[in-house]
Amino acid sequence: MRYLFFVLFLASTLFAFKYELSSPTIANGKTLLIKFEKDINIVYEDVEFLGHKYQVFDNYVLVPVSYYEKPKTAKLKINYTDYTKPNSKIIELQVLKGDYKQEKIKVQKSKVSLSKKDKKRSAKEYKEATDIYNTITPEFYIKTKFIMPLNSKVTSLFGNARVYNGSLKGYHSGTDFRAKVGTPLIATNDGRVVLAKDRFYSGGSIILDHGHGIYTCYYHMSKFDVKVGDIVKKGQLLGLSGVSGRVTGPHLHFSARVGGIQVDPIELIELMNKNILRK
């Protein structure tokens with residue numbers, strides 16, 4: 001269910017600005033959308049929340065919350081300029097614990113207890129990806145609503161705790177779609193290819209930069225039809241699904257990042273499609 005909240009803030013300069021929250025609360029692993037009413041006298045700069053800063057683009061900002069955040073009341077600071085004077089507004093938000101389940105998975109021992117060589121490789125790949133996610137591209141490639149990367153059944157949801165061979169190793173950082181080897185995978189929206197390579201955990205991996213700090217990721221692929229630097233269109237073939245990386249069977253692992261933080265990709269798409277994208 002979509003919630004809509006309007007807030008009116010009266011400042012000492014006798015003007016008012018309105019902002020709209022997508023929800024009065026935010027669960028770990030989810031994304032909050034804040035939309036600001038346009039005003040020629042106000043420039044919305046950025047939003048600070050839980051130790052992170054997020055830039056306002058086109059009078060809206062996406063505020064992601066890490067899966068590892070605990071339930072709490074947290075302060076969100078809106079920084080803006082009115083009549084050339086820097087100002088700010090603080091509001092309180094409730095961070096909730098998401099309703100996530102637990103999954104038990106059996107994999108090869110070598111994929112759980114890593115060798116020094118594999119640890120070094122995975123650490124290098126993690127840093128490479130983190131550097132990508134922390135890059136905020138001011139250009140917004142997206143022009144229309146998101147679509148799904150394929151038409152298939154979801155087999156595992158974002159946020160489920162992952163227990164590998166009886167040991168808790170983290171959480172499911174994306175959404176899995178059923179996909180036999182060789183299934184065509186398409187871009188969920190316009191973007192630029194910023195990574196296309198084989199990695200230890202995610203196997204054949206493609207990452208798309210959609211601009212404004214939004215990234216989507218396509219993992220365990222068997223074939224690439226695009227390369228780094230390519231500008232792709234929504235619905236364009238990225239490659240084929242596979243069984244590469246740390247997997248128990250063929251499927252697509254689809255994930256998303258906002259402002260460097262991993263979030264529920266399906267919830268993000270629904271949020272953008274309902275509130276920002278019009279076609």
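Which of the following residues is crowded, with 22+ Cβ neighbours inside 10 Å and over 17 Å from Ile261 (Cβ atoms): Leu185, Leu195, Leu157? Give the derivation first.
Values: Leu195 fails: crowded, with 22+ Cβ neighbours inside 10 Å; Leu157 fails: crowded, with 22+ Cβ neighbours inside 10 Å.
Matching residue, one of Leu185, Leu195, Leu157: Leu185.
Every residue, every condition in (1) more than 20 Å from the chain's Cα centre (by Cα); (2) under 21 Å from Arg199 (Cα atoms); (3) without any contact (Cβ under 8 Å) to a residue 12 or more places away in the chain, yes or no:
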site: Leu237; (1), (2), (3): yes, yes, no
site: Gly242; (1), (2), (3): yes, yes, no
site: Gly245; (1), (2), (3): yes, yes, no
site: His251; (1), (2), (3): no, yes, no
site: Phe254; (1), (2), (3): no, yes, no
site: Val258; (1), (2), (3): no, no, no
site: Asp264; (1), (2), (3): no, no, no
site: Leu268; (1), (2), (3): no, no, no
site: Met272; (1), (2), (3): no, no, no
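Determine if the range 198-209 includes at least one residue that is part of a strand (DSSP E or B), hydroxyl-bearing (Ser, Thr, Tyr), assigned by TED's automatic domain parsing to the domain that holds Ile142 and surrounded by fewer than 19 Cβ atoms within 10 Å (Cβ to Cβ).
Scanning the range 198-209 turns up no residue that is part of a strand (DSSP E or B), hydroxyl-bearing (Ser, Thr, Tyr), assigned by TED's automatic domain parsing to the domain that holds Ile142 and surrounded by fewer than 19 Cβ atoms within 10 Å (Cβ to Cβ).
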For the range 180-227, enumerate the residues that are under 20 Å from the mean Cα position of the chain (by Cα) and of a type in the set (A, V, I, L, M).
-> Leu185, Ile186, Ala187, Val193, Val194, Leu195, Ala196, Ile206, Ile207, Leu208, Ile214, Met221
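Of Ile214, Ile147, which residue is touching a Ser or Thr at 6+ places or on another chain (Cβ under 8 Å) and not small (Gly, Ala, Ser)?
Working: Ile214 fails: touching a Ser or Thr at 6+ places or on another chain (Cβ under 8 Å).
Only one candidate qualifies: Ile147.
Of the residues Leu271, Leu195, which single one is closer than 20 Å to Asn28 by Cβ and outside the structural domain of Asn28 (by TED's automatic domain parsing)?
Values: Leu195 fails: closer than 20 Å to Asn28 by Cβ.
Leu271 is the lone residue from the list that is closer than 20 Å to Asn28 by Cβ and outside the structural domain of Asn28 (by TED's automatic domain parsing).
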Could you say whether any residue in the range 211-219 is surrounded by fewer than 18 Cβ atoms within 10 Å (Cβ to Cβ), of a type in the set (A, V, I, L, M, F, W, C), part of a strand (DSSP E or B) and in contact (Cβ under 8 Å) with a residue 40 or more places away in the chain?
-> no
Among the residues of the range 246-271, which ones are touching a Phe, Trp or Tyr at 6+ places or on another chain (Cβ under 6 Å) and farther than 15 Å from Ser156 by Cβ?
-> Arg257, Gly259, Gly260, Ile269
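So how many residues does the range 226-257 have that are assigned to a loop (DSSP other than H, G, I, E, B) and not β-branched (Val, Ile, Thr)?
Going residue by residue through the range 226-257, those that are assigned to a loop (DSSP other than H, G, I, E, B) are 226-230, 233-236, 243-250.
Next cut, not β-branched (Val, Ile, Thr) only: 227, 229-230, 233-236, 244-246, 249-250.
Here the count works out to 12.
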Inside the range 109-139, can you point out the residues that are surrounded by 16 or more Cβ atoms within 10 Å (Cβ to Cβ) and either on the phi > 0 side of the Ramachandran plot or in contact with a Gly (Cβ under 8 Å, 6 or more places away or on another chain) (or both)?
-> Tyr133, Thr137
Output the number of residues of the range 23-42 satisfying the condition of being of a type outside the set (Gly, Ala, Ser) and either in contact with a helix residue (DSSP H, G or I) (Cβ under 6 Å, 6 or more places away or on another chain) or surrounded by 15 or more Cβ atoms within 10 Å (Cβ to Cβ) (or both).
-> 11
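For the range 225-237, does any single residue satisfy the condition of being of a type in the set (Gly, Ala, Ser) and within 21 Å of Val65 (Cβ to Cβ)? So that I can check it myself, show each step before the final result.
At the first step, the residues of the range 225-237 found to be of a type in the set (Gly, Ala, Ser) are 229, 235.
Those still in the list that are within 21 Å of Val65 (Cβ to Cβ) too: none.
There is no residue in the range 225-237 that is of a type in the set (Gly, Ala, Ser) and within 21 Å of Val65 (Cβ to Cβ).
The values are calculated or read from the model by the stated rules, or taken from the named source; none is laboratory data. Keep in mind that this is a model prediction, so the values were computed, not measured. Cβ atoms come from the backbone with ideal geometry, glycine included; neighbour counts cover every protein chain shown.
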